[in-house]
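Colleague: Starting off with a structure, shown below.
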Amino acid sequence: MSKFELKLPKMGESVAEATITAWLKDIGDTIEADEAVLEIATDKVDSEVPSEVDGVLVEKLFEVDDVVQVGQVIAVIETEGGSTVEVKAAAAEPVAEPEAPKAVAEVSQTVVAAKTSVEPLVSTEDRFYSPLVKNIAKQEGISQAELDTISGSGKDNRVTKNDIKAYLESRSAAPSPARPAVVEKVIETPKTEVIKKAVALSANEAAQPDATSTQTSEKPKAEKPAEKATEKPIAISQGDEIIEMTRMGKLISKYMVDSVQTSAHVQSFIEADVTDIWNWRKKVKDDFMKREGENLTFTPIFMEAVTKALKDFPMMNISVQGDKIIKKKAINVGMAAALPDGNLIVPVIKNADQLNLFGMAKRVNDLANRARLGKLDPDDIQGGTYTVTNVGTFGSIMGTPIINQPQVGILALGAIRKTPAVIEGPQGDYIGIRFKMYLSHSYDHRVVNGALGGQFVKAVKDYLEAWDVNREI
């Protein structure tokens, strides 16, 4: 008998770690080669880790919600024959919680609960925090500002579980100045003021406030206000159904709220006449299908126009980091695509400006198909510099999309409709039937003014309306 070390595989150049979301096999289960052993998540993409050998699962080195680095051993599989391979990776250790004196337990719990409920922890472009690190920080009452000061030893200076554990140990060992008056005030204030004053305390005060057991015991009700503040009862009526949000749904919800709180959203709208594009596609799509075995949709045509506009207006191809603007050299255009569960994901067309229409069509179809099958790689959704979403797919004529951070713009494509329009001809104006659509441009008004935002979407319109009806693909 021998032992095979199952390691977290490389999932893309920009992916250094993943979170274990579920074990599909238990200790003692028989596993076949290429059979999935566990599920992992990297930001938006869920993946399965298959076994490379036949055997029996004999050891799990990590638990659900643990963050694992690429290349780390995550499980041991016993196989037939060969020599035993020594496993060097250590199992994840439980996070030790700093002990607070019993005399002030109620106050500590109040402070931690209050801080956790009012101050969400978020990642930024230059400071990524894994779900495990965020959970530990929340449990320990670490604020966003305090978390940002912790030095990281992981790749790209990321804060790891060991970093935050070491920080907690050093924090609990540090002496705390006496603040009996502050603790007394937290205990004696009315319940409507407890949370406000609790949030004002630092995490150090929450862990080790100096107060006597006599003071705490005289005010045993300090814990109740925190419970009431954190509990938000759900109002339901007879026949209502409570549905737990999926992990993806929770992530999307958080991203949307973070984006609105980060960027000053403003919109510009313009109508484009795409009659020539409609007729051209109708003429060539059957030949394209016969030759390539794929559909020729409108999406690659729109993506090409957006890419050209980004080259014309490079200050739309930027991101913001603090008070710095990062002007991107690569034009990587994201396109919103539907997942099997109804959620949306944004795979990215890398170096879109280097593709001709044929290459754009092949790339769009590849990403869309793999998104529907749930087979996108983590790198497929990384590195976008601008995003396009087609709300017309669902019948909407326009929309006001939320910016995909840390980008500064997103374009919504409305439904193509037959509309009566005034047409200018050599003999004068007349009314005719045209195919038209609305383009809705949302942009970050912190760095993109109305002139730039309007000029950009006007450029997209102009490229669409100047379509060459004799073009070949």
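The values are calculated or read from the model by the stated rules, or taken from the named source; none is laboratory data. Bear in mind the structure is a predicted one, so any value in this text is a computation, not a measurement. FYI the Cβ positions are ideal-geometry reconstructions off the backbone, even for glycines, and counts take in every protein chain you see.
Colleague: Among the numbered criteria (1) farther than 28 Å from Q261 by Cβ; (2) of a type in the set (G, A, S); (3) assigned to a loop (DSSP other than H, G, I, E, B), which one does A361 miss?
Modeller: Among (1) farther than 28 Å from Q261 by Cβ; (2) of a type in the set (G, A, S); (3) assigned to a loop (DSSP other than H, G, I, E, B), A361 violates only (3).
Colleague: Given the structure, is E106 more than 19 Å from Y129 (Cβ to Cβ) and at pLDDT below 90?
Modeller: Answer is yes for this residue.
Colleague: Let me ask something else about it. Looking at G392, is it surrounded by 13 or more Cβ atoms within 10 Å (Cβ to Cβ) and either under 19 Å from D276 (Cα atoms) or assigned by TED's automatic domain parsing to the domain that holds I277 (or both)?
Modeller: Considered against the rule, which asks whether it is surrounded by 13 or more Cβ atoms within 10 Å (Cβ to Cβ) and either under 19 Å from D276 (Cα atoms) or assigned by TED's automatic domain parsing to the domain that holds I277 (or both), G392 comes out as yes.
Colleague: Would segment 410-421 turn up any residue that is small (G, A, S), in the same structural domain as K436 (by TED's automatic domain parsing) and over 20 Å from P300 (Cα atoms)?
Modeller: In the first step, residues of segment 410-421 are kept if they are small (G, A, S); the result is 412, 414-415, 421.
Subset that is in the same structural domain as K436 (by TED's automatic domain parsing): 412, 414-415, 421.
If we keep only those that are over 20 Å from P300 (Cα atoms) too, we end up with 421.
Looking for residues that are small (G, A, S), in the same structural domain as K436 (by TED's automatic domain parsing) and over 20 Å from P300 (Cα atoms), one finds at least one in segment 410-421, hence yes.
Colleague: Search segment 166-192 for residues being among the hydroxyl-bearing types (S, T, Y) and surrounded by fewer than 13 Cβ atoms within 10 Å (Cβ to Cβ), and hand back the single one that is modelled with the lowest pLDDT.
Modeller: That would be T192.
Colleague: Within segment 277-287, work out how many residues are closer than 23 Å to V422 by Cβ and surrounded by 17 or more Cβ atoms within 10 Å (Cβ to Cβ). Give the steps one after another, and end with the answer.
Modeller: Within segment 277-287, the first condition is being closer than 23 Å to V422 by Cβ, and the residues that meet it are 277-280.
Restricting the remaining residues to those that are surrounded by 17 or more Cβ atoms within 10 Å (Cβ to Cβ) gives 277-278, 280.
Count: 3.
Colleague: If you don't mind, another one. Evaluate segment 84-98: report whether one residue or more is on the phi > 0 side of the Ramachandran plot and either at pLDDT below 75 or surrounded by 14 or more Cβ atoms within 10 Å (Cβ to Cβ) (or both).
Modeller: The answer is no; no qualifying residue exists.
Colleague: Does L24 fit the bill of being farther than 14 Å from V73 by Cα and not assigned by TED's automatic domain parsing to the domain that holds K134?
Modeller: yes
Colleague: For segment 8-34, which positions are more than 18 Å from Y129 (Cα to Cα), surrounded by fewer than 18 Cβ atoms within 10 Å (Cβ to Cβ) and under 28 Å from the mean Cα position of the chain (by Cα)?
Modeller: The answer is P9, K10, G12, E13, A22, L24.
Colleague: Can you pull out every residue in segment 236-257 that is assigned to a loop (DSSP other than H, G, I, E, B) and not acidic (D, E)?
Modeller: Matches in segment 236-257: I236, S237, Q238, G239, I242, I243, M245, T246.
Here is a yes/no grid of residues against (1) modelled with pLDDT of 95 or more; (2) closer than 22 Å to S259 by Cβ:
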site	(1), (2)
A368	no, no
A371	no, yes
K375	no, no
V388	yes, yes
Q407	yes, yes
G414	yes, yes
V448	yes, yes
L452	yes, yes
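Colleague: Considering only residues that are of a type in the set (G, A, S) and under 27 Å from the mean Cα position of the chain (by Cα), look in segment 35-71 and name the one that is nearest to I20 (Cα to Cα).
Modeller: The selected residue is A41.
Colleague: Mind checking which residues of segment 416-430 are free of Cβ contacts under 8 Å to residues at least 40 places away in the same chain and either under 42 Å from the mean Cα position of the chain (by Cα) or at negative phi (or both)?
Modeller: Passing the criteria: R417, K418, T419, P420, V422, I423, E424, G425, P426, Q427, D429, Y430.
Colleague: What residue, among those in segment 371-415 that are in a helix (DSSP H, G or I) and among the β-branched types (V, I, T), is farthest from V333 (Cα to Cα)?
Modeller: If we take residues in segment 371-415 being in a helix (DSSP H, G or I) and among the β-branched types (V, I, T), then T393 is farthest from V333 (Cα to Cα).
Colleague: Continuing with the same structure: Return the residues of segment 151-170 that are touching a strand residue (DSSP E or B) at 6+ places or on another chain (Cβ under 9 Å), of a type in the set (K, R) and either closer than 18 Å to D65 by Cβ or not in a helix (DSSP H, G or I) (or both); say none if nothing qualifies.
Modeller: Pass one, segment 151-170, residues touching a strand residue (DSSP E or B) at 6+ places or on another chain (Cβ under 9 Å): 154-155, 158, 160-161.
From what's left, of a type in the set (K, R): 155, 158, 161.
Result: R158, K161.
Colleague: Kindly establish whether G374 is touching a residue at least 40 places away in the same chain (Cβ under 8 Å) and more than 15 Å from the chain's Cα centre (by Cα).
Modeller: yes
Colleague: Also: If only one of D163, D46 is closer than 23 Å to E5 by Cα and either aromatic (F, W, Y) or at pLDDT 65 or above (or both), which one is it?
Modeller: So the residue among D163, D46 that is closer than 23 Å to E5 by Cα and either aromatic (F, W, Y) or at pLDDT 65 or above (or both) is D46.
Colleague: So in segment 333-354, with the set limited to residues that are part of a loop (DSSP other than H, G, I, E, B) and without any contact (Cβ under 8 Å) to a residue 24 or more places away in the chain, which one is surrounded by the most Cβ atoms within 10 Å (Cβ to Cβ)?
Modeller: Residues of segment 333-354 that are part of a loop (DSSP other than H, G, I, E, B), as a first pass: 336, 339-343, 346-347, 350-351.
Then keep just the ones that are without any contact (Cβ under 8 Å) to a residue 24 or more places away in the chain; that gives 342, 351.
Numbers: G342: 9, N351: 15.
Among those that are part of a loop (DSSP other than H, G, I, E, B) and without any contact (Cβ under 8 Å) to a residue 24 or more places away in the chain, it is N351.
Colleague: Also, I was wondering about something else. Examine segment 452-467 for a residue that is out of contact with any strand residue (DSSP E or B) (no Cβ under 7 Å at 6 or more places or on another chain), part of a helix (DSSP H, G or I), more than 16 Å from V274 (Cβ to Cβ) and not charged (D, E, K, R), and state whether such a residue exists.
Modeller: yes
Colleague: Restricting the search to segment 282-320, which residues are of a type in the set (S, T, N, Q) and either in contact with a Gly (Cβ under 8 Å, 6 or more places away or on another chain) or not in a helix (DSSP H, G or I) (or both)? Step through it out loud before you land on a result.
Modeller: Initial filter on segment 282-320 (of a type in the set (S, T, N, Q)): 295, 297, 299, 307, 317, 319.
N295, T297, N317, S319, listed by residue number.
Colleague: Here is a check on your reading of the model: is A330 in contact with a strand residue (DSSP E or B) (Cβ under 7 Å, 6 or more places away or on another chain) and surrounded by fewer than 17 Cβ atoms within 10 Å (Cβ to Cβ)?
Modeller: no
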